[in-house]
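Let me begin by presenting the structure, written as structure tokens, before commenting on it.
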Amino acid sequence: MRSKKIGLIFVTPWLIGFIGLTIWPILSSFYYALTDYSLARVGQKVAFLGLQNYINLFKDQTFIASLKATLIYTVATVPLQLGFALFVAFILNFKLKAINFYRTAYYIPSILGGNVAVGVLWRSMFQPKGLVNSFLGIFGVQPINWLSTATGAMIVLVILKVWQFGSAMLIFLAALKDIPGELYESASLEGASKLTQFLKITIPLITPTIFFNLVMQLNNAFQEFNGPYIVTGKGPLNSTYLASMYIYDKAFKEFDMGYASAASWVLFALIVGTTIILFSSQRKWVYYSDGGGK
């Protein structure tokens, strides 16, 4: 009994933080989404609107456009980021000199990627006279107005996101190290090429890790804010105006917290729906050694 009380004492700070910083905000936003609550009218009576905020959202072309931009951003960044992370992890899995240095160096972008200073630097790099155009000019390429076109602005954001591949890379690297070397030796004796070994041994055995990284990176991409907000803002014709930025503007620029809460729940539903689809599909392509999945 005494040990239970001691355990409860130790877990109490976490419980307070979980209830106060997670559960309470979630319940509050659910309620506010059904009202006209505004930060500009704190202390005044809040009117209950029911589902009106949600009805208005799906009539709001700017919100619909932000969802489309979010989907384009997510579909473009996640496969490229995971592919590049797996490629680098595969290389770093070899026994190379100073391998620990390279692993650390490749992980650093994941730490700095959401930094405001990095966002400002990234924006300056893609200016007409920035570093990227200067480099392309060496090969005779004319300066490109990256941030002045819808496609160019989205490409800049995609590159920034893909550059932050470090966390997924480390997870892939751990999975690659867990593959028994005997499998590759047996495949080599059977005459299998390196490509065949990669496709028939490596990929199937790391599908649980691919699935994990896919779910995590999709969730992160749907909620991306810092990079797009700093580098491109809304972008030309709202091309990079992501849903998270729309919610921020409604809540903290227009002070319409009720409307912003409804928008956040729509985004949450989109994330949950995508996650459910992924979990439903894993039986067809994810291989688990204990017999689950494929």
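For segment 132-155, the count of residues that are under 30 Å from Lys194 (Cα atoms) and open to solvent by less than 40 Å² (accessible area, probe 1.4 Å) is zero.
Out of everything in segment 168-187 that is touching a residue at least 24 places away in the same chain (Cβ under 8 Å) and over 18 Å from Lys95 (Cβ atoms), what residue ends up being least open to solvent (accessible area, probe 1.4 Å)? Filtering segment 168-187 for residues that are touching a residue at least 24 places away in the same chain (Cβ under 8 Å) and over 18 Å from Lys95 (Cβ atoms), the one least open to solvent (accessible area, probe 1.4 Å) comes out as Ala168.
Filtering segment 267-283 to residues that are among the basic types (Lys, Arg) and either surrounded by 15 or more Cβ atoms within 10 Å (Cβ to Cβ) or in contact with a His (Cβ under 6 Å, 6 or more places away or on another chain) (or both) leaves nothing.
In this structure, Gly119 does satisfy being farther than 21 Å from Met216 by Cβ, touching a helix residue (DSSP H, G or I) at 6+ places or on another chain (Cβ under 8 Å) and open to solvent by less than 30 Å² (accessible area, probe 1.4 Å).
Total residues in segment 188-228 satisfying the condition of being closer than 26 Å to Phe268 by Cα, without any contact (Cβ under 8 Å) to a residue 24 or more places away in the chain and surrounded by 16 or more Cβ atoms within 10 Å (Cβ to Cβ): the figure is 1.
Identify all residues within segment 35-47 that are loosely packed, with under 12 Cβ neighbours inside 10 Å and under 34 Å from the mean Cα position of the chain (by Cα); write none if there are none. Don't jump to the end; show me each part of the working.
Kept after step one, since they are loosely packed, with under 12 Cβ neighbours inside 10 Å, are these residues of segment 35-47: 40, 42-45, 47.
Across segment 35-47, the qualifying residues are Ala40, Val42.
Among the criteria (1) more than 19 Å from the chain's Cα centre (by Cα); (2) open to solvent by less than 20 Å² (accessible area, probe 1.4 Å), the one Thr240 does not fulfil is (1). Applying the criterion of being open to solvent by 40 Å² or more (accessible area, probe 1.4 Å) and part of a helix (DSSP H, G or I) to the residues of segment 244-263, the residue that is nearest to Gly152 (Cα to Cα) is Tyr248.
If I ask for residues that are in contact with a Gly (Cβ under 8 Å, 6 or more places away or on another chain) and closer than 16 Å to Ala168 by Cα, which ones from segment 193-235 would you list? Passing the criteria: Thr207, Pro208. Per the listing Ser186, Ser167, Ser134, the residue uniquely more than 20 Å from Met245 (Cβ to Cβ) and modelled with pLDDT of 90 or more is Ser134.
Just to check your reading of the model, which residue among Ile159, Ile201 is among the aliphatic types (A, V, I, L, M) and at pLDDT 90 or above?
Numbers: Ile201 fails: at pLDDT 90 or above.
Within the list Ile159, Ile201, the selection yields Ile159.
Would you call Gln127 free of Cβ contacts under 8 Å to residues at least 24 places away in the same chain, in a loop (DSSP other than H, G, I, E, B) and under 25 Å from Ser66 (Cα atoms)? Give the steps one after another, and end with the answer.
Working: free of Cβ contacts under 8 Å to residues at least 24 places away in the same chain: yes; in a loop (DSSP other than H, G, I, E, B): yes; under 25 Å from Ser66 (Cα atoms): yes.
In short, yes.
When segment 280-294 is filtered for residues that are in contact (Cβ under 8 Å) with a residue 60 or more places away in the chain and either in contact with a strand residue (DSSP E or B) (Cβ under 8 Å, 6 or more places away or on another chain) or part of a helix (DSSP H, G or I) (or both), the ones remaining, listed by number, are Gln282, Trp285, Val286, Tyr287, Gly293, Lys294.
Among the conditions (1) out of contact with any Leu (no Cβ under 7 Å at 6 or more places or on another chain); (2) assigned to a helix (DSSP H, G or I); (3) over 30 Å from Ile64 (Cβ atoms), Asn220 misses just one, which is (3).
Based on what the data block shows, is Tyr241 under 27 Å from Ala117 (Cα atoms) and in a helix (DSSP H, G or I)?
Details: under 27 Å from Ala117 (Cα atoms): yes; in a helix (DSSP H, G or I): no.
No, not satisfied.
The values are calculated or read from the model by the stated rules, or taken from the named source; none is laboratory data. Source: prediction; values computed, not measured. We place every Cβ from the backbone using ideal geometry, glycine too, and count neighbours over all the protein chains shown. Side chains included, ligands, DNA and RNA excluded: accessible areas come from the protein's heavy atoms. Shrake-Rupley method; radii C 1.70, N 1.55, O 1.52, S 1.80 Å.
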